[in-house]
């Protein structure tokens, strides 16, 4: 393969959950820029349609669908209909519900685990089934978090869900490798998005920034290289791996 084409996704079709805002929006733009047809999925269509319009204005191919990642029937209907053939799945949909372990409600705990873990499993199962049946294989990229490998106060359900997602990624990789399906994880640290904004304005968030070796947030575009690596044939001998992009935040130090 020509080194200049190693990340080329021309002819590939990618599904990105949570693709209308934050990192998902950046992921959709990046994959479309590499030549992929992109399908954006989320419960709310409005943010998706804005991202689709932006991609099309740049000459890319994009569409969007309404999808609840926690609802097996919704996932099944999407794959039987508008999703179509998928070569790359980016499990980006996620949510957080802060609170101490003593005060957190059961509903808050359940919602975070349902979206972040169950949703990734339902989408991964649907995509892998299709990839294996077509005998074409494909790539699944699960978007985890640095909080899946380090601990932070008052957000135990979110780190628990992301740690589970890392292990789920390994299980997917192990079970589906013979079918040509690769599963890897992106492990972002703190990036400048709507989801992280409120936390980073707190005293705890500011203290965390001071402990970070690079002393700054990441920009969404700084995930492009890792995403393209895992989505493309550049990583065709990688599966079950986790790629950490966190400005050094997870480095143990004293």
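Nothing in this text is a laboratory measurement; each read-out follows from the coordinates by a stated rule. What you are looking at is a predicted structure, and each value in this text was computed from that prediction instead of being measured. Ideal geometry is used to build each Cβ from the backbone, glycine not excepted, and the neighbour counts take in all protein chains shown.
Between residue 49 and residue 233, what is the FRET efficiency for a Förster distance of 41 Å, r being their Cβ-Cβ separation, to the nearest 0.05? Write down the numbers at each step before the final one.
Values: r = 31 Å, r/R0 = 0.75.
In this case the efficiency is close to 0.85.
Based on the mean of other Cβ atoms within 10 Å per residue, sort peptides 113-121, 70-78, 181-189 so the most packed one is first.
181-189, 113-121, 70-78
Computed extension length for residue 56-residue 77: 5.0 nm, one decimal, from 0.36 nm per residue of separation with the Cα-Cα distance subtracted.
Based on other C-beta atoms within 10 Å, arrange 23, 166 from fewest to most. Before the final figure, lay out the partial values.
Details: 23 25, 166 17.
Ordered by Cβ neighbours within 10 Å, fewest first: 166, 23.
With each run of n ≥ 4 DSSP H residues scored as -39500 (n - 2.57), what mean residue ellipticity at 222 nm is computed for the chain after dividing by its residue count and rounding to the nearest 500 deg cm²/dmol? The per-residue figure over the chain is -12500 deg cm²/dmol. Geometric descriptor of the chain, per residue, is 135 Å³ (volume of the convex hull of the Cα atoms). What's the angle, to the nearest 10 degrees (0 to 90), between helix 157-176's Cα axis and the longest principal axis of the chain? The answer is roughly 30 degrees. Suppose R0 equals 45 Å. What FRET efficiency, 1/(1 + (r/R0)^6) with r the Cβ-Cβ distance, do residue 192 and residue 135 give to the nearest 0.05? Step by step, r from the Cβ atoms, then E = 0.65. Each of 210, 162 was scored by other Cβ atoms within 10 Å of its Cβ. Listed from fewest to most, they are 210, 162.
What angle, in degrees between 0 and 90 and rounded to the nearest 10, separates the Cα long axis of helix 22-33 from the longest principal axis of the Cα atoms of the chain? The two axes meet at around 30 degrees.
By other beta-carbon atoms within 10 Å, ranking 131, 212 with the fewest at the front produces 212, 131.
Computed from label points 7 Å out along Cα-Cβ, the spacing between residue 100 and residue 153 is 0.9 nm. Taking only Cα atoms and a 10 Å spring cutoff, compute GNM fluctuations for the chain and point out the largest among 200, 123, 31. Among 200, 123, 31, the largest mean-square fluctuation in the Gaussian network model of the chain belongs to 200. The simple spin-label model puts a point 7 Å past each Cα toward its Cβ; for residue 250 and residue 178 those points are separated by 3.0 nm. If you take the Cα centroid of region 78-143 and the Cα centroid of region 30-69, the two points sit 17 Å apart.
From the largest down, region 60-128 spans 45, 26, 19 angstrom on the principal axes of its Cα atoms. Peptide packing: for 136-147, 81-92, the average count of neighbouring Cβ atoms within 10 Å per residue gives the ranking 136-147, 81-92, highest mean first.
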